[in-house]
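The values are calculated or read from the model by the stated rules, or taken from the named source; none is laboratory data. For clarity, every value in this text was computed on a predicted model and none was experimentally measured. Cβ placement follows ideal geometry from the backbone for every residue including glycine, while neighbour counts extend to all protein chains displayed. Quick note on the areas: whole protein, heavy atoms, side chains included, nothing else; ligands and nucleic acids left out. Shrake-Rupley method; radii C 1.70, N 1.55, O 1.52, S 1.80 Å.
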Amino acid sequence: MNPFRPPADAWSRRDFMRNSMGSFALLCTIGAPATLKGKKVVTSAARRAQAGSPFAPFQVDLPIMPELSPVRSEHGVDVYDVDIREGIAEILPGFQTPIYGYEGIYPGPTIRARKGRAAIVRQSNRLTFDSNVHLHGGYVPAAHDGHPMDVIKPGARFDYSYPNDQDAAFLWYHDHAHGRTARTLYYGLLGAYILHDEREERLDLPRDEYDVPLILADHAFNRDGSFRYAENVDLGFRGDTILVNGAVTPRMRVERRLYRLRFLNASNARSYDLRLGQGREVMQIASDGGLLERPVARTSVPLHPAERIELLVDFRQFRPGSEIVLQNALGEPSTKSVIRFDVVRGGGSEEARVPRGRMRTLERLPAPNESRRWDLTLDTGTAVQWQIAGRGFDPTRIDVRPRLGTTELWQWHNPSNRLHPMHLHGMLFRVVERSTGVVHPGDRGWKDTIGVQPGETVTVQPWFVPYTGKYVFHCHALEHGDKAMMLQLEVVA
Ligand code: C2O
Ligand code: CU
């Protein structure tokens, strides 16, 4: 079984020609959202019922994103080259879907990094509009963070420098040019960035093909196989089809052994509540910012937009031939199944194990300097827009100026009737309190995104390290962040 997809350049020129009309339409979509109102389309929902439908679940094997190899490595730095460009993805069997992609593929290639070894990712913008790259969850100097106003012009290049001076974690990179991330991420500009370190390696966790990134996103399709997008600033986009690593509700062959499954919710606005089979126990070992102190047993795993959760799943509990579906308890009928694990014979010589006891000790935080409350509200005035503390994003204004090295208590207060996954750039936080009950042990590690439910107040404690400079914090329901649920902070010395 070779789960690797062909490299981008394996697609023929003919493929691009054949789809050029589709790509052109895609550009119009970005340039002028009004063109979305066009001729009537037959969507994925309508095709789903037909015999031999490309939407039938469990028909394709889970694809694994190719890994990007450095173009060179010198003085302890790995240098990567990436083109941000149009491409074609084969998502629905027999159809070609125009996308925007890093290296022209969706999801983008995985970047693997090691703590203590810096990386430079040279991003060339081959699109016809501004783009940029945010390393979500990374400790990154402000100039390299992918601030929404720092963009790469068409035809230009920016060399992002990533120190990789933080603990092992499942990060991701994605476009962040202001005002259209709901479209650019939807059309494919995202990829996994997996950071390893020694502490994690000492734990004998599953590795290599037993350590699997799973990127979840909901989509909808037009009759010609192109992605269908319709903007809804209030609700956010909801697709009727779940993609995992760019495949419709795939299947994955698993041996009877322990697997490390790294989940990323790359959906625009959809939350998941993952359940294995009828609610089997899985062990959560990590959240956004890396390992938890101890493994946490769960039977239900909530995953809000932009969050990552890493699970150890022991397939030894199933007989060969078993087919175990990972369900989304929050899904509609067509989005309830996420992936099916088909258990095969083998996996006899098992070395990996669930760590017993402590995996790490979380750093003790300095006592908070300030306490701030951020109300999350919808302004239905002239244009519908989302606000934080009564304000929409204004890049010329600094909304808060914390001191480097300090902590504060931030209360996300949500009187609205939508969930808001609140995200802070360039730094990590800990979840201190929830008005709706206890903080789940799976949320007690380092986080960079937290889902705030309607009516809820969630208090987090950001630690303003390691860099000074301008960063943003925003709602990661992408339609909310674009319009304009985002504020700016400047960490000062
Ligand atoms: Cu994942 Cu400001 O973003
Ligand atoms: Cu929101």
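Criterion applied to Glu231, Glu198 was being away from ligand 1 (no atom under 16 Å from the Cβ) and touching a Pro at 6+ places or on another chain (Cβ under 9 Å), and the one residue passing it is Glu231.
Could you list all residues from segment 236-268 that are of a type outside the set (Gly, Ala, Ser), part of a loop (DSSP other than H, G, I, E, B) and at pLDDT 95 or above? Spell out how you get there, then give the answer.
First, the residues of segment 236-268 that are of a type outside the set (Gly, Ala, Ser): 237-238, 240-245, 248-265, 268.
Remaining after also requiring part of a loop (DSSP other than H, G, I, E, B): 237-238, 240, 245, 249-250, 256-257, 268.
Correct list: Phe237, Arg238, Asp240, Asn245, Thr249, Pro250, Asn268.
Residues in segment 382-398 that are open to solvent by 40 Å² or more (accessible area, probe 1.4 Å) and not in a loop (DSSP other than H, G, I, E, B): Gln385, Arg391. Of all the residues in segment 448-463, those that are out of contact with any Leu (no Cβ under 6 Å at 6 or more places or on another chain) and either at positive phi or not in a strand (DSSP E or B) (or both) number 3.
Based on this model, can you work out whether His440 counts as of a type outside the set (Gly, Ala, Ser), open to solvent by 10 Å² or more (accessible area, probe 1.4 Å) and out of contact with any helix residue (DSSP H, G or I) (no Cβ under 7 Å at 6 or more places or on another chain)?
Details: of a type outside the set (Gly, Ala, Ser): yes; open to solvent by 10 Å² or more (accessible area, probe 1.4 Å): yes; out of contact with any helix residue (DSSP H, G or I) (no Cβ under 7 Å at 6 or more places or on another chain): yes.
Here the answer is yes, as His440 does meet what is asked.
Among residues of segment 421-433 being more than 15 Å from ligand 2 (Cβ to nearest atom) and open to solvent by less than 40 Å² (accessible area, probe 1.4 Å), the one that is nearest to Met149 (Cα to Cα) is His425.
From the residues in segment 131-157 that are within 16 Å of ligand 1 (Cβ to nearest atom) and of a type in the set (D, E, K, R), which one is most open to solvent (accessible area, probe 1.4 Å)? So the residue we want is Asp150.
So Arg418 passes all but one of these: (1) in a loop (DSSP other than H, G, I, E, B); (2) away from ligand 2 (no atom under 16 Å from the Cβ). Which condition number does it fail? That leaves (2) as the condition not met. For segment 464-493, a residue qualifies if it is more than 13 Å from ligand 2 (Cβ to nearest atom), touching a Lys or Arg at 6+ places or on another chain (Cβ under 8 Å) and open to solvent by 10 Å² or more (accessible area, probe 1.4 Å), and the qualifying residues are Glu490, Val492, Ala493.
Going through segment 347-389 one residue at a time, which ones are β-branched (Val, Ile, Thr) and more than 16 Å from ligand 2 (Cβ to nearest atom)?
Val354, Thr361, Thr382
If you take just the strands (runs of 3 or more DSSP E) that sit entirely in segment 71-127, which of them hold at least 1 residues that are open to solvent by less than 10 Å² (accessible area, probe 1.4 Å), in contact with a Leu (Cβ under 8 Å, 6 or more places away or on another chain) and touching a residue at least 12 places away in the same chain (Cβ under 8 Å)? Before you say what the answer is, go through the steps one by one.
Details: elements: 72-74, 77-89, 97-102, 111-114, 118-125.
In segment 71-127, 77-89, 97-102, 111-114 are the strands (runs of 3 or more DSSP E) which contain 1 or more residues that are open to solvent by less than 10 Å² (accessible area, probe 1.4 Å), in contact with a Leu (Cβ under 8 Å, 6 or more places away or on another chain) and touching a residue at least 12 places away in the same chain (Cβ under 8 Å).
Scanning segment 285-299 finds one or more residues that are open to solvent by less than 10 Å² (accessible area, probe 1.4 Å) and outside any strand (DSSP E or B).
Please state which one of Thr457, Thr407 is over 18 Å from Pro302 (Cα atoms), more than 14 Å from ligand 2 (Cβ to nearest atom) and among the hydroxyl-bearing types (Ser, Thr, Tyr).
Numbers: Thr457 fails: over 18 Å from Pro302 (Cα atoms).
The match here is Thr407.
So which residues in segment 444-454 are more than 13 Å from ligand 2 (Cβ to nearest atom) and open to solvent by less than 30 Å² (accessible area, probe 1.4 Å), if there are any at all? Answer for segment 444-454, where residues must be more than 13 Å from ligand 2 (Cβ to nearest atom) and open to solvent by less than 30 Å² (accessible area, probe 1.4 Å): Gly445, Trp446, Lys447, Asp448.
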